[in-house]
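> Next up is a structure, given as structure tokens.
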Amino acid sequence: MMTATRLDATAIKDQARGKWRGILTSLGMVLPATAKQHGPCPTCGGTDRFRFDDQDGNGTWFCNQCRPQAGDGFALVQKVRGCDFPHALQLVVDALGYSPSNGETPRKIVATYDYTDADGGQIFQVVRFLPKDFRQRRPDGHGGWIWNLKGIEPVLYKLPDLLKADQIVLVEGEKDVETAYRLGLPDGWAATCNPMGAGKWRESYSETLRGKHVVILPDADEPGETHAAQVAQSLQGQAATVGRLTLPDGVKDLSIWVADRTQTDLHALLSQAATWSDGVVSQPARLSDSPADLWPKLDPLALRGIIGDLVRAIEPHSEADPVAILVQALIAFGNVLNRSAYFAAEADRHYLNLNAGHGRRNVQRTQRD
């Protein structure tokens, strides 16, 4: 968790200029539609005592009843929220999606990850910035945020899903968790990580995973390996089983690995976990070493264009191998063309209206037999 930093008021004012209508609206204020219209005051109410003229883009306003009767956007935030100027600065920063501090170039919020209790109620949020950085914040109870976790007991990401699942894949960051869900986990599985990254595992997290079958998939770097060992040690005697996965050489994390891969590939990867016992992994599993990986991989170039889009749309909802879907799609296309098109191989003509064989389900049966 990052320590609190001093907000640069000048930088925030520059960022807010010309954006005050959106800022105030996002903070729950209802403003008159134009600078000439009157309406209820966000602070003291009424019906037509308030005007938002936003002079020079500074969020200026006027109210017949308020004291003082006028001010800029920051003053209005202070009045409506009953807060001091530093708190108003933070509320504006949150509304803008920026985090300017100590005079540095503002950072853009690119993702937020909600950590919830068992019932799905928000406890805190992890914020991802660009340039890459992370901070944590908790609700202030008034629609804003407090940028620390003081008094908060951290929990694992996707806690409600964990409590319902028997199998857990534990990765290093929220992005990888979301990647696993986006690609599609097997039934009975959930994905999670602990907040604040490598080296921040707590014993309470192991208690949450008591009785679960946990597979650890660390980032392929020294901090990731150290973190994985710490987690595995903590889970001994808590989890029903602890497994380990190792991605192929040169692949740092799950979000990189999934490029050009499918739900079927993810399911195959999860099935390869080796047992982690007393700090030793028996025969560490690598995707490239697995018998399952002997199944031919489809070259991404085969999925270009409309046919590729069709295969990717169907594959998550089918038990068929992507190769089988591709072949069937091409055969269907060939049958539409009928015998009007062909290619020649020496003296033979090969027409496009062919028939396809069995899909992956039958192939898998043959392999088992």
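> Considering amide H positions built from the backbone, and no H for Pro or chain starts, which residues 5 or more places from Ile123, or on another chain, come under 5 Å of its amide H?
Answer set, sorted by chain and number: Tyr115, Thr116, Asp117.
> Taking all protein chains together and a probe of 1.4 Å, list Ile325, Ile314, Ile307, Ile256 from the most accessible to the least accessible.
From most accessible down to least: Ile256, Ile314, Ile307, Ile325.
> Skipping prolines and chain starts, which residues have an amide H placed within reach, meaning under 5 Å, of the one on Arg49, given they are 5 or more residues away or on another chain?
Here the answer is Gly39, Cys41, since their amide H atoms fall under 5 Å of that of Arg49.
> Carbon and sulfur: what percent of the stretch 2-71's accessible surface (1.4 Å probe)? Working shown, then result.
Numbers: 1950 of 3950 Å².
Heavy-atom surface of the stretch 2-71 belonging to carbon and sulfur, 1.4 Å probe: 49 percent.
> For the stretch 77-182, what does the alpha-carbon gyration tensor say about shape, rounded, prolate or oblate, given a ≥ b ≥ c as the root eigenvalues, a/c under 1.5 as rounded, and a/b over b/c as prolate?
Working: a/c = 2.92, a/b = 1.62, b/c = 1.80.
In terms of gyration-tensor shape, oblate.
> Given a 1.4 angstrom probe, I'd like the percentage of the accessible area of the stretch 170-265 that is carbon and sulfur, rounded to a whole number.
Percent of accessible area from carbon and sulfur atoms in the stretch 170-265: 47.
> Long-range amide H contacts for Lys108: which residues qualify at under 5 Å (H placed 1.01 Å from N, peptide plane, sequence gap of 5 or more or a different chain)?
Answer set, sorted by chain and number: Leu130.
> Hey, another quick one. Can you put Lys164, Lys19, Lys36, Lys79 in order of accessible area, largest first, using a 1.4 Å probe? It would help to have the intermediate numbers written out before the result.
Numbers: Lys164 160, Lys19 85, Lys36 180, Lys79 60 Å².
Solvent-accessible surface, decreasing: Lys36, Lys164, Lys19, Lys79.
> Each residue of the stretch 126-138 in order: what ³J(HN,Hα) in whole Hz does its phi give by Karplus 6.51 cos²θ - 1.76 cosθ + 1.60, θ = phi - 60°, with x for Gly and Pro?
Values, residue by residue: 9, 10, 9, 10, 10, x, 4, 6, 9, 9, 10, 8, 10 Hz.
> For the stretch 16-25, in order, what is each residue's ³J(HN,Hα) by Karplus, 6.51 cos²θ - 1.76 cosθ + 1.60 with θ = phi - 60°, in whole Hz (x at glycine and Pro)?
Whole-Hz 3J(HN,Hα) from phi for the stretch 16-25: 7, 4, x, 10, 5, 4, x, 4, 5, 5.
The values are calculated or read from the model by the stated rules, or taken from the named source; none is laboratory data. No experiment lies behind these values; they were computed from the predicted model shown. Note: areas computed on protein heavy atoms with side chains; ligands, DNA, RNA excluded. Shrake-Rupley method; radii C 1.70, N 1.55, O 1.52, S 1.80 Å.
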